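To keep things clear, I will list the structure first and then write my remarks on it.
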Amino acid sequence: DAFASWGFTVNGVALRGSVLLLPSASLLFAPARLEALTPASLQVLTLLESRTDLLIVGTGRHAARLPAATSAWLGERGIAAESMPTQHACSTFNFAVQEQRAVAAVLFPLGNEAKAHEYGAEPGTKAF
């Protein structure tokens with residue numbers, strides 16, 4: 001639905017912070033920044049009933065590389081990884097879901113440049 005500095009709105013539900021998106025579920029995700037994305041934090045992908053072939057990582061406002069250990073772990077499991085700014089990751093995930101691909105996404109918010117505020121109509125919220 002939308003993304004902002006504080007998090008995401010998915011299917012009308014505001015999720016503050018990082019999220020893990022699957023074609024059929026949206027979950028809050030513990031790692032708060034890309035540097036904290038570890039093989040242990042992604043272990044959930046190995047527990048899913050259907051296999052994940054592609055992990056899209058929204059790195060925030062700017063593009064960044066995945067941590068080396070995380071990239072290696074994903075490669076060992078045959079999961080391709082694409083990292084890109086969150087804005088682009090949102091639309092790429094939606095497109096992959098429409099194509100019925102075996103995809104998951106980890107999205108990190110754009111940042112904390114705005115002061116904390118209540119849920120609802122928020123300045124700076126953008127649709128995806």
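The values are calculated or read from the model by the stated rules, or taken from the named source; none is laboratory data. Here the structure is a predicted model, which means the values were calculated and not measured. Positions of Cβ are backbone-derived with ideal geometry, glycine not excepted, and every protein chain shown enters the neighbour counts. Surface areas here come from the heavy atoms of the whole protein model, side chains and all, with no ligands, DNA or RNA. Shrake-Rupley method; radii C 1.70, N 1.55, O 1.52, S 1.80 Å.
Computed 3J(HN,Hα) for region 90-105, one whole-Hz value per residue from the Karplus formula 6.51 cos²θ - 1.76 cosθ + 1.60 where θ = phi - 60°, is 4, 6, 5, 4, 4, 5, 5, 5, 4, 7, 6, 7, 7, 10, 9, 9, glycine and proline marked x. In order along region 6-22, the phi-based Karplus estimate (6.51 cos²θ - 1.76 cosθ + 1.60, θ = phi - 60°) of 3J(HN,Hα) comes to 8, x, 9, 10, 10, 6, x, 10, 7, 10, 7, x, 6, 9, 10, 10, 10 Hz; Gly and Pro are listed as x.
Region 1-49: percent of C-alpha pairs farther apart than 13 Å? It would help to have the intermediate numbers written out before the result.
On the way: 695 of 1176 pairs.
In whole percent, the long-distance tail amounts to 59.
By DSSP, the beta bridges lying fully in the chain are antiparallel in about 60 percent of cases. Counting only protein heavy atoms and a probe of 1.4 Å, the accessible surface of the chain is 53% carbon and sulfur.
Gain on full extension, evaluated as 0.36 nm per residue between Phe95 and Ala25 minus their Cα-Cα distance, stands at 23.6 nm. Take the Kirkwood radius over Cα pairs of the chain, plug it into Stokes-Einstein at 20 °C and 1.002 mPa s, and you get 146 µm²/s for translational diffusion. Applying 1/(1 + (r/R0)^6) with r as the Cβ-Cβ distance of Ser50 and Asp1 and R0 = 22 angstrom yields a FRET efficiency of 0.40. Electrostatic bookkeeping for Asp53 treats Lys and Arg as +1 and Asp and Glu as -1; over the other residues with beta carbon under 12 Å from its beta carbon, the sum is +1.
Largest GNM mean-square fluctuation across Arg61, Arg16, Arg77, computed for the chain with C-alpha springs under 10 Å, falls on Arg77. Per-residue 3J(HN,Hα) values for region 51-59, derived from phi via the Karplus relation 6.51 cos²θ - 1.76 cosθ + 1.60 with θ = phi - 60°, read 5, 9, 9, 9, 10, 9, 10, x, 8 Hz in sequence order (x marks Gly and Pro). Which is farthest toward the positive dipole end of the chain among Gly7, Thr59, Val44, measuring Cα position about the Cα centre, with Cβ charges +1 (Lys, Arg) and -1 (Asp, Glu)? Checking the options against the dipole of the chain, the answer is Thr59.
Close amide H contacts of Asp53 (hydrogens built in the peptide plane, cut-off under 5 Å, sequence separation of 5 or more or a different chain): Ala102, Val103. Top mean-square fluctuation among Thr86, Thr59, Thr70, Gaussian network model of the chain, C-alpha springs under 10 Å? Comparing Thr86, Thr59, Thr70 in the GNM, the peak value goes to Thr70.
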